[in-house]
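**Student:** This structure is in structure tokens; I'll ask about it shortly.
The values are calculated or read from the model by the stated rules, or taken from the named source; none is laboratory data. Keep in mind that this is a model prediction, so the values were computed, not measured. Here the Cβ is made from the backbone with ideal geometry for all residues, glycine too, and neighbour counts use every protein chain on show.
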Amino acid sequence: MATRSTTDARFSKWIEAAIFRKVLIANRSEIALRINRACQELGVRTVAIFSEADRTSLHVRQADEAFCVGPGPVPRSYLNIPNIISTALVTKCDAIHPGYGFLSENARFASICADHGIAFIGPKPHVIAAMGDKATAKRVMKDAGVATTPGTDILASVDEARRAAKKIGCPVLLKATAGGGGKGMRVVEKLEDVERAYASATAEAEASFKDGRLYMEKLIVDPRHIEVQVLADSFGNVVHLGERDCSVQKPSHQKLIEEAPAPNLPPKTRKALHDMAIKACKHVGYSNAGTLEFLVSGDDTYFMEMNTRIQVEHPVTEMVYGIDLVKEQIRIAAGETLGYTQSDLVARGHAIECRINAEDSRNNFAPQAGTLAKVVFPGGPGIRVDTAICSGSSVPPYYDSMMAKVVAYGDTRDAAIARMDRALRETVIEGVNTTISACLDILGTHEFRSGGYNIGFLPRLMAASVVG
Amino acid sequence: MSDAPPLNGSIAGRVRDLVETFVQTDLVRLRIERDGEEFEIRRPAAAGPQFLTQAETPAPVAAVNIETVRADLVGIFHFLRPSPIEGDVLDGDRELGYVEALGIRNPVRTHGPGRIVSILCADGDAVDYGRPLFEMDRGRHF
């Protein structure tokens, strides 16, 4: 447990009148730091939580107070609801920001927060339950008239999964209903693979989300993964902040490079996606920040899932719209109105994000752990780095391998690519293997530069040894 | 069943008498056990040594095996009454206090015999996971 004082007293009167007094950040690493920054700029005090493995992390040092909530393994620390709620109570926090992953889409957690008089910075629990649960979300979207991929509801057993795969026709995708970030997701190419894929997907989902339930959908071969960012307040006002193209994905379906706006997207398709996102949010009475993920194949668009939280890749949207999405989340949760309409929002320029992970791209992006002997991040015009690492930091084996997000902004897509290329070459991380060289390889391909890629792009580069 | 008169009834008067007697002595602790009921009076730790002469002061036991009793959850720490003091020698697994979390009292135990070397927390402290609360000497005498 540690305390420090950072909040500017000048804000105190305004804080009491408008926003929260103290926010517990129920996350770690760069997103915890990102939320801490937003709170500090709003004059809101912060409480970090951390595991024993993260005791010296930057997010712990930057918060006003910090409480250890358990040992390194995620289920005993960052998913330890009693200790997290108890921390919020003993530190007198009036809100909890869950970040992404961990408890961010856990309706029960949001409900427990409400039971203890703590505001959950996200949608209402029943909306998380409806939209955060991927299988239910698809059913709700169908009801709202939004196109979805052919698939099932939650699967009761591996036998049901086998029957469903036979009916839908392989290839199919097994997905965690509580999932995100590619965790608990498996492609099933042949019927005889169902059992193995089901077992490993449900185990991974259980470990990651404390919810091992799966559903199945038809695998749309080589679509684009395009998602729409939305903001909605508690008074029925909903806006979109354009789309992001997240089609550069590893074979595990984890995103590696994202950009906004999506290149070469026909205006008609773009408008259809934006309209569907708004329609869906209004249908479910959504509030706070959220993302609707779609698969786009030719002229066809399919709703895939909704993430009822801030996304890893939110900075690219912030760069082109000039809006701080985390501050907006806090404002909305505090009961404020959006204060602007769709026509006030204009996208300018282009932004690209590269995820710098502790992974060995020459070994199928196998996660790495270790101590970082030297870390140097890029700078200069148009570059933003969201990270919680520095020289001497450790990369524990318990958590996601992402160490940093390098974001490049340019007036045009070509300018953003050139800037990203320059920034990645400036970046030095010694101590573990990273995805920097893989990102540079991808940026250098004609397929990426022309904006004509889809989710099969990176696996094809890996198969051809262009990456790795 | 014992024929001895119970300690309750005129208990307030009896406690007052005992305390008055206690403060006139050099005793640092008085403990009465009767029919399963216990009563104990102690002098504050800081005040204890002034009643002992140099010759009477027991030789310190060499600490050979110090273990830290830590909080295993987040909450507010409270001592059990009477509060343990540094130097207390405890037999068996004894409850020293509790961490109150979400309205539940979670006992903090010694997990075995030993002597309290240090008390590292105060009553009412907000404690997090792993916070050191007590140091126990588990030396060979225990």
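**Student:** For segment A:3-22, state whether one or more residues are closer than 29 Å to residue B:72 by Cα, modelled with pLDDT of 95 or more and in contact with a His (Cβ under 8 Å, 6 or more places away or on another chain).
**Tutor:** There is no residue in segment A:3-22 that is closer than 29 Å to residue B:72 by Cα, modelled with pLDDT of 95 or more and in contact with a His (Cβ under 8 Å, 6 or more places away or on another chain).
**Student:** Still on this structure: Going by what's in this entry, would residue A:38 be described as within 11 Å of chain B (Cβ to nearest Cβ) and among the aliphatic types (A, V, I, L, M)? Spell out the reasoning first.
**Tutor:** Values: within 11 Å of chain B (Cβ to nearest Cβ): no; among the aliphatic types (A, V, I, L, M): yes.
Criteria not met by residue A:38.
**Student:** Output the qualifying pairs, or none if there are none: Cβ atoms under 7 angstrom, residues six or more apart or on different chains, first residue in segment B:98-116 and within 14 Å of chain A (Cβ to nearest Cβ) and outside any loop (DSSP other than H, G, I, E, B), second residue buried (at least 16 other Cβ atoms within 10 Å of the Cβ) and hydroxyl-bearing (Ser, Thr, Tyr).
**Tutor:** B:101/A:86; B:105/B:98; B:106/B:98
**Student:** Can you tell which of A:55, A:21, A:28, A:37 is surrounded by fewer than 24 Cβ atoms within 10 Å (Cβ to Cβ) and under 14 Å from residue A:72 (Cα atoms)?
**Tutor:** A:55
**Student:** A follow-up question, please. Where residues in segment A:61-103 are buried (at least 24 other Cβ atoms within 10 Å of the Cβ), aliphatic (A, V, I, L, M) and assigned to a loop (DSSP other than H, G, I, E, B), which of them is nearest to the other protein chains (Cβ to nearest Cβ)?
**Tutor:** Restricting to residues being buried (at least 24 other Cβ atoms within 10 Å of the Cβ), aliphatic (A, V, I, L, M) and assigned to a loop (DSSP other than H, G, I, E, B), the top hit is A:63.
**Student:** For residue A:459, all conditions in the list (1) at pLDDT 95 or above; (2) part of a loop (DSSP other than H, G, I, E, B) hold save one; what is the number of the exception?
**Tutor:** With (1) at pLDDT 95 or above; (2) part of a loop (DSSP other than H, G, I, E, B) applied to residue A:459, the lone miss is (2).
**Student:** Return a yes/no flag: does segment A:120-128 have any residue that is away from chain B (no Cβ under 13 Å), touching a Cys at 6+ places or on another chain (Cβ under 7 Å) and buried (at least 24 other Cβ atoms within 10 Å of the Cβ). Steps first, answer last, please.
**Tutor:** Of all residues in segment A:120-128, those away from chain B (no Cβ under 13 Å) come to A:120-128.
If we keep only those that are touching a Cys at 6+ places or on another chain (Cβ under 7 Å) as well, we get A:120.
Next, from what is left, pick out any that are buried (at least 24 other Cβ atoms within 10 Å of the Cβ): A:120.
Taking every residue of segment A:120-128 in turn, at least one turns out to be away from chain B (no Cβ under 13 Å), touching a Cys at 6+ places or on another chain (Cβ under 7 Å) and buried (at least 24 other Cβ atoms within 10 Å of the Cβ).
**Student:** Among (1) modelled with pLDDT of 95 or more; (2) over 20 Å from residue A:351 (Cβ atoms); (3) outside any helix (DSSP H, G or I), where does residue A:241 come up short?
**Tutor:** (2)
**Student:** Separate question: Scan segment A:318-331 for residues that are in contact with a Leu (Cβ under 7 Å, 6 or more places away or on another chain) and part of a helix (DSSP H, G or I) and report the count.
**Tutor:** First, pick out the residues of segment A:318-331 that are in contact with a Leu (Cβ under 7 Å, 6 or more places away or on another chain): A:318, A:321, A:323, A:327-328, A:330.
If we keep only those that are part of a helix (DSSP H, G or I) too, we end up with A:318, A:321, A:327-328, A:330.
Residues that pass the stated criteria total 5.
**Student:** Next question. Listed residues B:79, B:142; which is at pLDDT 90 or above and away from every other protein chain (no Cβ under 14 Å)?
**Tutor:** Numbers: B:142 fails: at pLDDT 90 or above.
Checking each option against the conditions leaves just B:79.
**Student:** Scan segment A:183-210 residue by residue and report those that are in contact (Cβ under 8 Å) with a residue 24 or more places away in the chain and out of contact with any strand residue (DSSP E or B) (no Cβ under 7 Å at 6 or more places or on another chain).
**Tutor:** A:191, A:195, A:199, A:207, A:210
**Student:** Answer with yes or no whether residue A:50 is assigned to a strand (DSSP E or B), closer than 22 Å to residue A:309 by Cβ and among the aromatic types (Phe, Trp, Tyr). Spell out how you get there, then give the answer.
**Tutor:** Details: assigned to a strand (DSSP E or B): yes; closer than 22 Å to residue A:309 by Cβ: yes; among the aromatic types (Phe, Trp, Tyr): yes.
Judged against the criteria, residue A:50 is a match.
**Student:** Still on this structure, please answer the following. Suppose we keep only residues that are in a strand (DSSP E or B) and not aliphatic (A, V, I, L, M) within segment A:345-363. Which one would you say is farthest from residue A:428 (Cα to Cα)?
**Tutor:** To start, the set of residues in segment A:345-363 that are in a strand (DSSP E or B) comprises A:350-357, A:359-360.
Narrowing the set further to residues that are not aliphatic (A, V, I, L, M) leaves A:350, A:353-355, A:357, A:359-360.
On the way: A:350: 25, A:353: 17, A:354: 14, A:355: 14, A:357: 13, A:359: 15, A:360: 15 Å.
Within segment A:345-363, the match that is farthest from residue A:428 (Cα to Cα) is A:350.
**Student:** Can you give me the number of residues within segment B:117-126 that are outside any strand (DSSP E or B) and of a type outside the set (Asp, Glu)? Show your work before the answer.
**Tutor:** We begin by selecting, within segment B:117-126, every residue outside any strand (DSSP E or B); these are B:120-125.
Among the residues that remain, those that are also of a type outside the set (Asp, Glu) are: B:120-122, B:124.
Adding up the residues that qualify gives 4.
**Student:** Just to be sure I understand the filter: pairs with C-beta atoms under 9 Å, separated by 6 or more residues or on different chains, first member in segment A:103-124 and over 15 Å from residue A:210 (Cα atoms) and in contact (Cβ under 8 Å) with a residue 12 or more places away in the chain, second member of a type in the set (Asp, Glu) and crowded, with 20+ Cβ neighbours inside 10 Å. Which pairs pass?
**Tutor:** Partner pairs satisfying both residue conditions: A:122/A:105.
**Student:** Which of the numbered conditions does residue B:83 fail, given that it passes all the others? Conditions: (1) of a type in the set (S, T, N, Q); (2) under 15 Å from the mean Cα position of the chain (by Cα); (3) within 23 Å of residue A:86 (Cα to Cα).
**Tutor:** (3)
**Student:** Considering segment A:202-244 alone, what residues qualify as being aromatic (Phe, Trp, Tyr) and under 19 Å from the mean Cα position of the chain (by Cα)?
**Tutor:** At the first step, the residues of segment A:202-244 found to be aromatic (Phe, Trp, Tyr) are A:209, A:215, A:235.
The one that is aromatic (Phe, Trp, Tyr) and under 19 Å from the mean Cα position of the chain (by Cα): A:209.
**Student:** If a residue has to be hydroxyl-bearing (Ser, Thr, Tyr) and within 14 Å of chain A (Cβ to nearest Cβ) to count, how many in segment B:117-135 make the cut? Let's see the steps before the verdict.
**Tutor:** The initial filter retains those residues of segment B:117-135 that are hydroxyl-bearing (Ser, Thr, Tyr), namely B:118, B:129.
Now narrow it down to the ones that are within 14 Å of chain A (Cβ to nearest Cβ): B:129.
Qualifying residue count, segment B:117-135: 1.
**Student:** Taking segment A:145-172, which residues are of a type in the set (A, V, I, L, M) and over 30 Å from residue A:26 (Cβ atoms)?
**Tutor:** Across segment A:145-172, the qualifying residues are A:146, A:147, A:156, A:158, A:161, A:164, A:165, A:168, A:172.
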